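J.: Attaching a single structure in structure tokens format; questions to follow.
The values are calculated or read from the model by the stated rules, or taken from the named source; none is laboratory data. Just so it is clear, the model here is predicted, and its values are computed rather than measured. Cβ: placed from backbone, ideal geometry, glycine included. Neighbour counts: every protein chain shown. For accessibility, only protein heavy atoms count, side chains too; no ligands or nucleic acids. Shrake-Rupley method; radii C 1.70, N 1.55, O 1.52, S 1.80 Å.
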Amino acid sequence: MKTNFLKITGMFALLAVLATSCKKDNNETSNTSLKNNTNNAVNAIPANSVVTGAFTTPLSSPGGSAGNWGTVYFDLANNATTTAASAYQASFNGSFDGNINANTAGAYKLAYADVPSTSLAAIAQSAFTTLNVKPATTLGSNTSAPGWYAYNVTTHLSGPVADRYVVLYKGTSVAAATELYVLQIITVGYSIDPANTSNYFGQISFNYKKLV
């Protein structure tokens, strides 16, 4: 009996040690995850890799050029929508929120360049020169003013202007930029607001990459 009692006591002691060890490991894993989320290292986009950004407008509005779809603030560094009070490089407004703007308060600048015979994946900082880079306040539909997307009145579809690249940068020039993003629109689309079928939400998607 005494021998059995000692065996049982020893088994419980071993289980207690294992349980304490597992609890410690779980806590350490949880704390590491929290640290990564805090510094945003998990979400930072890789340099020179094409990523896709997308969002739905915060408000719905009737179709047409006039309307209010709200303003979207986009953190290109982490490929996520954010707020005006947080870090961001680009904001979107206008018809279906298809107009892109630079965060000038954060010292970012907006421009565009037409660069034929290349792609977003292949384009490099050296492709942008003083001859082809044109400064812009905002870039929307390519109609009366230069824009980054074109709307087809027959198909009612929108897409990128051929060979056109949006450059959003910080610095004295694109060549001397300390931070540089290159973007191309995919589509300016829409979806019906189920709460008000006369209104539409904007559905925006674009490809981009960070060169600097």
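J.: Between Ala77 and Asn132, what is 0.36 nm times their sequence separation minus the Cα-Cα distance? Round to one decimal in nm. Please report the intermediate quantities before stating the final value.
T.: On the way: separation 55, 0.36 × 55 = 19.80 nm, distance 2.52 nm.
My answer for the length gained is 17.3 nm.
J.: Hey, another quick one. So with the 1.4 Å probe, I'd like the accessible area per residue for the stretch 106-212, rounded to whole Å². Could the numbers behind the result be given before it?
T.: Working: 5280 Å² over 107 residues.
Result: 49 Å² per residue.
J.: Rank-order 114-124, 53-63, 194-204 by packing density, defined as the average count of other C-beta atoms within 10 Å over each peptide's residues, highest first. The partial results should precede the final answer.
T.: Working: 114-124: 12.0, 53-63: 17.2, 194-204: 15.6.
The packing order, highest mean first, is 53-63, 194-204, 114-124.
J.: What does the charge count around Gly171 come to, taking other residues whose C-beta lies under 15 Å from its C-beta (Lys +1, Arg +1, Asp -1, Glu -1)?
T.: After counting each charged neighbour, the total is +2.
J.: Might you work out the accessible area of Lys170 for me, using a 1.4 Å probe with all protein chains in place, and round it to the nearest 10 Å²?
T.: 60
J.: Let me ask something else about it. How would Asp193, Asp163 rank on accessible area, largest to smallest, probe 1.4 Å?
T.: On the way: Asp193 20, Asp163 70 Å².
Heavy-atom accessible area, descending, gives Asp163, Asp193.
J.: Counting only DSSP beta bridges with both residues in the stretch 120-212, tell me the antiparallel percent, nearest 5.
T.: Within the stretch 120-212, antiparallel bridges account for around 95 percent of the total.
J.: Choose one of Thr104, Thr178, Ser198: the residue whose Cα lies farthest towards the positive end of the charge dipole of the stretch 65-212 (beta-carbon charges +1 Lys, Arg; -1 Asp, Glu; about the Cα centre).
T.: Of Thr104, Thr178, Ser198, it is Thr178.
J.: Out of the total accessible area of the stretch 101-172 (probe 1.4 Å, heavy atoms of protein only), what percent is carbon and sulfur? Walk me through the intermediate numbers first.
T.: On the way: 2270 of 3870 Å².
It is 59 percent, rounded to a whole number.
J.: Charges only on Cβ, +1 for Lys and Arg, -1 for Asp and Glu: so what's the dipole of the stretch 62-212 about the Cα centre, in debye to the nearest 20?
T.: Numbers: 6 positive and 6 negative charges, 59 e Å.
Once rounded to the nearest 20, the dipole reads 280 debye.
J.: Here's something else I'd like to know. Got a sec? What order do Tyr190, Tyr73 fall in by accessible area at 1.4 Å, biggest, i.e. largest, first?
T.: Numbers: Tyr190 135, Tyr73 60 Å².
Sorted by accessible area, descending: Tyr190, Tyr73.
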